[in-house]
Amino acid sequence: LKVFRDRIKRELNDLSIVLAREGAVILNQKLLKQKRDRSCFAAGEAITGDGLKFDKIYVDFGDEIINTTTGWFWFDLRTNYCIAYRLAKTENTDLFRLATYDLLAICAPFLAQIDNTRVAANKLMTGQAPGRRRFINKESDPQGLLLKVGITPQFTNPDQTQSNPGVKPAERMFGIGGIHSEVAGNPKLKGRGYSTATAVPFEEFAEIVKQEVHRFNEQPNRQTDICRGVLSFKEAFDESYAKSTVRLLSQSQRDLFLLLQERVFVNTEHAYVAINAGKKGNSKNRYWDEALSKYRSQYVIVYYDPEDLSKDVGVFQEDGRKICTAEHIPSEAFNTTTGAREWSKRDRRIKKNIKKNLEDLNRMNDLEMAELYKKVAVPDHIKTPKPGIVGLNFKNKDKVIDGEFQGEVQQHAEGQEFESVFVERMSQMRKNFGKDEF
C-alpha cells in the first residue's frame, strides 16, 4: 500500500485526483477564481439579472392557486444595488419584461448580464442578439425589446460542467445573507408558509419581500471594493449615480415593455392586420388604419397590450419606424342592425375624409402649377438687334434670281405645301447648274 501511495503522489497531482474521484464540478470549485474589477462601470451603466424562486414558501394568490412564487431581480453591476424587481406565480417572459419596465424608470443601461435560458433569452426581449442559444433563430424575427432601446444582452452559461453559474453577481445576491435567506427568515413567516395549509397571502408576502430588499440595499459597511467596508449598496449607487451621465428613456420608449410584439402580414385587399393573440378558431383580432394602405402585402411589427386586446395597437416597420396606431375592428352579431348602422356611418366618414384629402391635393397641385407657370407679358413687336458683321456669298451670285424665289414664296403663302415647293426648286437648280456644280 505504501508503494502504491508513493506512485500516486509521484505520477498524479491533487487536481487530477479530484477530477477522477469527484468530477468537473468539484474541480471548478478547487481552481483559483478570477477577480473582476467592476469599477469600470458607472452606476446604471451595466446590470445583472436573474430569476429567484422562493422555494419552500407557499403563497396563496387568492384565485384558488396555492404555490411557491418567483421573482425577477435586476442589480447594478458596479454596486450590487437592487434597482428593480417583480413577483409572479412562475418565472416567465412577462415577469422578465415587467421587471425591465420598472428598471427603465431609473436608468437605461448599455449592458445586461442574463442567463442563456428560455425565459431570459426569449425572442421578445433578445431577438437577433448575438450569442443566443435558445429557440430557432430566423432572419425574419423582429428585433428584441432590449436591443431596440440600446441594451446589449450578455449571456452566461448556466451549465455547471462548462461554467460556474454561481459566479454571476445576481446569483450571489440570493445566497446566505442575501434576499432569499432573509425573506425565509423573516419573523412574520415564522411557522407559516411551510405547507399549503399555512400559505401566506400574496399581498403580505410581497410586502415582506419589499422590506427585505430595502434592508438588503441599506445595510451599511459592505465589504466590497466599491463600498470600501463603509458604504451600503444604496449609498454606493447614489454616489456614482450623482456623478455619472445616466441614460434615460422617454415614456413612449418605456411603454414598449408593457406591450407584446408580433410580426404580421398586411392584408393585400383591405390593408388590415390580424394578430394571433386571442385567436378563437379561425377568428383573429383585426386592426385597421388608413396609413396601412401603403403597406399592402408587406410584413409589419404590431405592438399590442396583452391585458386588453380591444385597445388600439402600434404598427411599425421592421426597421423600427412607426407607421400608425391602428384601431381595433370588433366583430358584430349577425342579427343586429345597430352594428351595421355604425359600420355604414364609419364607412361614409372614411370615404368623406378620403374625398376631401383628394380635393385638397388637387387644389394644391393647381396652385403649385399656377405658381410654376406664371403669366408672362409678351410685347407685340419683338425687336431684333442689328448684326455686328454681315457675311456675303460671292459664289454663283449671278445665277440666283430673286424674282423666282419671290414668286415661290408667294405661292407657298397662298397654300402650297413647303415640301413640294422645296423639292421642285431643288430639281430646277440641279438642271440649271449641272450635277457637279450643284
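The values are calculated or read from the model by the stated rules, or taken from the named source; none is laboratory data. Bear in mind that the values here come from a model prediction, so they are computed numbers and not experimental data. Heads up, the Cβs are rebuilt from the backbone with ideal geometry, glycines too, and the neighbour counts pull from every protein chain shown. In case anyone asks, the SASA skips ligands and DNA or RNA and just uses the protein heavy atoms, side chains included. Shrake-Rupley method; radii C 1.70, N 1.55, O 1.52, S 1.80 Å.
Observations on the structure shown:
- Among the helices (runs of 4 or more DSSP H) confined to region 11-113, the ones with at least 2 residues that are without any contact (Cβ under 8 Å) to a residue 12 or more places away in the chain, out of contact with any helix residue (DSSP H, G or I) (no Cβ under 7 Å at 6 or more places or on another chain) and farther than 25 Å from residue 245 by Cα are located at 14-22.
- Given (1) in contact with a Pro (Cβ under 7 Å, 6 or more places away or on another chain); (2) more than 30 Å from residue 111 (Cβ to Cβ), index of the condition residue 263 fails: (2)
- Of all residues making up region 49-108, the number that are of a type in the set (Gly, Ala, Ser) and crowded, with 22+ Cβ neighbours inside 10 Å: 4
- Residue 157 being open to solvent by 20 Å² or more (accessible area, probe 1.4 Å) and farther than 24 Å from residue 257 by Cβ: yes
- The set of residues from region 303-320 being touching a Leu at 6+ places or on another chain (Cβ under 9 Å) and either open to solvent by less than 40 Å² (accessible area, probe 1.4 Å) or in a helix (DSSP H, G or I) (or both) comprises 303, 304, 305, 313, 314, 315.
- One residue stands out among those in region 165-202 that are touching a residue at least 24 places away in the same chain (Cβ under 8 Å), assigned to a helix (DSSP H, G or I) and among the charged types (D, E, K, R): the one that is nearest to residue 33 (Cα to Cα), which is 171.
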